[in-house]
1. Please work out the Cα center distance from segment 184-227 to segment 77-156, rounded to the nearest Å.
2. All other residues with a Cβ under 9 Å from the Cβ of ALA151 taken together, and with Lys, Arg as +1 and Asp, Glu as -1, what is their net charge?
3. Roughly speaking, what is the stretch gain from MET1 to ILE113, that is 0.36 nm per residue apart minus the C-alpha to C-alpha distance, in nm to one decimal?
4. Multiply the residue separation of ARG54 and ASP97 by 0.36 nm, subtract the distance between their alpha-carbon atoms, and state the gained length in nm to one decimal.
5. Using the charge dipole of the chain (Lys, Arg: +1 at Cβ; Asp, Glu: -1 at Cβ; taken about the Cα centre), state which of GLY162, VAL68, ASN29 has its Cα farthest towards the positive end.
6. Which of rounded, prolate or oblate describes segment 132-189 when judged by the alpha-carbon gyration tensor and an a/c cut-off of 1.5?
7. Grab the other residues whose beta carbon is less than 11 angstrom from that of VAL27, score K and R as +1, D and E as -1, and report the net.
8. Only residues of segment 15-55 count here: report those whose backbone N is under 18 Å from the spot 7 Å along Cα→Cβ of GLU67, or say none.
Amino acid sequence: MIRIASYNIRKARGLDQKRQPRRTLEVINRLNADIVVLQEADKRIRPRNPAIPRNLIETDTDFHLVEVSKNGVSLGWHGNAILIRDPAHVTQITCLDLPGLEPRGAIRMDLGIGGGLSIVAAHLGLRRRDRRAQLAALCDATADSRHAVIAGDFNEWSHRKGLEPLAGRFETHVPGRSYHTRRPLAALDRFALSQGLTVKNAGVEQGDLARRASDHLPVWSDIAIPSAATC
């Protein structure tokens, strides 16, 4: 069993318009997750400085930052970052460029558990045609994975449209409505699990702190991974 959480941290800027990285990390700590994928982890303007200082991740959490930065400054790749409690399980990291009108990317992290598990951290585009193309690209990018989870901000308001490229190989799970924190109406933050993986429990962190720290609420899923012997 592994708990994966996804959190669009809005560059650590809360609804009070104050950038408070420690507040964001406190929300993350309350998720009790093994892996947390973050969106908007870096500021938009180059050199894309981190929204959360690296030293705070070290001092305020027991997570390790998965290194994907291409410039030695940012936390992530196209704003996507991954925190993990036990980096010893990581076997490979791949940064992916995604198609679309606006620059987008994703991170594939391979873990040596359950006979092999790929976690993809993604923040999909604002246009549905782009999201479809991006999901198709992620399906291709994980075609060699024994088990795969795509986690992140899917930016999709519909429960029926836009996810067609995942059909047949992935099942999309919606822990709950996560946007906007003032009045959650949309389930933008989701998990897509390949065949063989099972969601045992899932939810949305709705504590007072989470409702102030970003415009998205964090989501999490407890996922059962088949042992290597049963794969």
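Each reported figure results from applying straightforward, stated rules to the coordinates on display, with no laboratory input. Predicted, not measured: the structure shown is a model, and the values here were computed from it. Because the Cβ atoms are built from the backbone with ideal geometry, glycine has one as well, and the counts that use them run over all protein chains shown.
1. 16
2. 0
3. In short, 39.3 nm is gained.
4. Result for the pair: 13.1 nm of gain on full extension.
5. GLY162
6. prolate
7. For residues surrounding VAL27, the net value is +2.
8. Those under the cut-off are 50, 53-55.
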